Each structure stands twice: as C-alpha cells, then as structure tokens.
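Input: a single structure, listed below in structure tokens.
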Amino acid sequence: MRAVKAFAGWDFGDTVRVAMVAGMVWLTIEAPATTTLPEPWATLSLTGYYGALASALFAPQFWARFGRPRARSGAAVILPGDRLFQIVTFLALLAATPQTILWAVETPTSEPWSLGFYWLCVALFVLAALVCLRNLLRSNALLRLQDDGIAAPRLWHAAIPWNALTAARAIGTRSNNALLLQFATPTELALAKRPWLDWSVRLGTEKRSVTIPGIMLGMPAETVARMLEDRIPSPAAPPSTFSGL
C-alpha cells in the first residue's frame, strides 16, 4: 500500500526526468578516462557534471516553491515567473558542458557512435543554455493582479476583468500541472506571440478558459489559484423561492 501511495502522482514528467538522469549516468559509465585536464581541474569538471546530474533530479515545480509575490504601487500584486528555475538550469548546463566536451575530445574516432553521441549532447546543452539565457533576459513579472483584473504582458495583451472569471484552480499532476482560469462566458483573449521553444498558454474549448503551464509559474499553481480565488467576485445568489408557512 505504501508503494502505491508513493507512485500515486507519477506521470510522464517524472519518467522524462528519470530518463535524463539515466542518460547522464550512462555517459559517466561509458566515458573514457579524462587525461586532458590536470588536477585539480579534472576533478572540478567532473564535480560540476555531477552537480548538473543532481539538479536534474528536481522538477521545475520544486524551484517554484521559492517564489514570492511582491507589491507594486497602488493595489497591484506581481506574481513571479520561473526565473529561479531558469537560473538553476542554466548553471547546471554550464557545469555539465566542459566534462562532456572532454569526453567527446578523448573518445577515439574508432567509436563513431559514442563520439557522435557526446558531441550531440554538447550541442543540446549549449542550445538549452542559450534558451535559458533568452528567458532570463525577459521580465519576470508573469502575472499582475490589479484592481481591474489580471494582466500578463508576457502571455496576453489586455487585462482579464475579475468579473469575467468564475474560478481559478490547479489541474494536472505533481510534475505536470497548470493553472486554469475559467470564464463566465466565452471570452476573446489576444494571446501574446509565443517565443521560440517556449511553453504555450492555451485557450479552452469555446474560449471559456485559459491554461497557463505550471512550468512558467514562479509559485506553486495551487498557491496562485488560491490567491486568485480570493479576488474573484462570488456569483450573485439566486433569489429565494421559499415563501414560508
């Protein structure tokens, strides 16, 4: 029973993360002995690689737990984006790249599959690091809770009025969740242009909802949903038909 409870929240995101860690472990096992760098640089390079391996064990939602809302002038409250996760990922990729380059350089050409695989990993690490750097250069103010509604310049162009919303809740699983905003009536929402290799914000069926992937949030989706629920006006109670005796 305990084993069943431990895996109750397991999903595809957990599988991908385990596969990433398994791949990095395989790189370590199959790697040639590093002789290019003298000590202590060889040890530092390998330590950086293992640090990147350790960081891959954590889901983006783990780093989202450290985000905090901040107040601006007036009544606006700013909810952060995923900057901390981007920083951690960027540093991990930088730490993993030197050791992978060493393995690629020291792999003999008589092993073309291993040689090509190491250089492919180097290219993927550098590309992912550039994407993280691009994300770090943009504003980390993901959501603005204003008097007139929810503004999100990175996600959509105009504020969503509070009275257009009926609910806000977290959906999905532990490592693959999202924030769902439900509309009272079909609502037109001009979404911002999606950057290359970015996560998408999606309109629901008949434009009655919008979904923000949890990986974009700098706070847990459940926490953000509770903050929004406190600001969404309660629907007017229907008139009572009870006439008494």
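The values are calculated or read from the model by the stated rules, or taken from the named source; none is laboratory data. Keep in mind that what you see is a predicted model, and the values were worked out from it rather than measured. Positions of Cβ are backbone-derived with ideal geometry, glycine not excepted, and every protein chain shown enters the neighbour counts.
When the residues of segment 230-245 are filtered to those that are exposed (fewer than 13 other Cβ atoms within 10 Å of the Cβ) and at pLDDT 85 or above, the one that is farthest from Ile87 (Cα to Cα) is Pro233.
Each residue in segment 123-148 was checked for being more than 30 Å from Val224 (Cβ to Cβ) and either touching a strand residue (DSSP E or B) at 6+ places or on another chain (Cβ under 7 Å) or crowded, with 18+ Cβ neighbours inside 10 Å (or both), and 1 pass. Quick check on segment 200-225: of everything there that is farther than 20 Å from Pro60 by Cα and out of contact with any strand residue (DSSP E or B) (no Cβ under 8 Å at 6 or more places or on another chain), which residue is modelled with the highest pLDDT? Among those that are farther than 20 Å from Pro60 by Cα and out of contact with any strand residue (DSSP E or B) (no Cβ under 8 Å at 6 or more places or on another chain), it is Glu206. On inspection, Pro186 passes the criterion of being touching a residue at least 12 places away in the same chain (Cβ under 8 Å) and out of contact with any strand residue (DSSP E or B) (no Cβ under 9 Å at 6 or more places or on another chain). Take Pro161 and decide whether it is at pLDDT below 90 and either touching a Gly at 6+ places or on another chain (Cβ under 8 Å) or surrounded by fewer than 19 Cβ atoms within 10 Å (Cβ to Cβ) (or both). No, not satisfied.
Within the bounds of segment 157-168, is there any residue that is of a type in the set (A, V, I, L, M, F, W, C) and closer than 25 Å to Ile87 by Cβ? No, because not a single residue in segment 157-168 is of a type in the set (A, V, I, L, M, F, W, C) and closer than 25 Å to Ile87 by Cβ. If you go through segment 142-177 and keep only what is of a type in the set (A, V, I, L, M) and touching a helix residue (DSSP H, G or I) at 6+ places or on another chain (Cβ under 9 Å), you end up with Leu142, Leu143, Leu145, Ile150, Leu155, Leu165, Ala167, Ala168, Ala170, Ile171.
Does Arg70 fit the bill of being outside the structural domain of Leu115 (by TED's automatic domain parsing), at pLDDT 70 or above and under 13 Å from the mean Cα position of the chain (by Cα)? No: the conditions fail for Arg70. Within segment 104-118, being in a helix (DSSP H, G or I) and in contact with a Leu (Cβ under 7 Å, 6 or more places away or on another chain) holds for one residue alone: Ala104.
Scanning segment 140-166 for residues that are assigned to a loop (DSSP other than H, G, I, E, B) and in contact with a Pro (Cβ under 7 Å, 6 or more places away or on another chain) turns up Asn140, Asp148, Gly149. If the condition is being closer than 30 Å to Leu127 by Cα and hydroxyl-bearing (Ser, Thr, Tyr), then segment 166-222 contributes Thr173, Ser175, Ser200, Thr211. Looking across segment 61-103 at every residue that is in contact with a strand residue (DSSP E or B) (Cβ under 9 Å, 6 or more places away or on another chain) and in a helix (DSSP H, G or I), the one that is farthest from Asn135 (Cα to Cα) is identified as Gln61.
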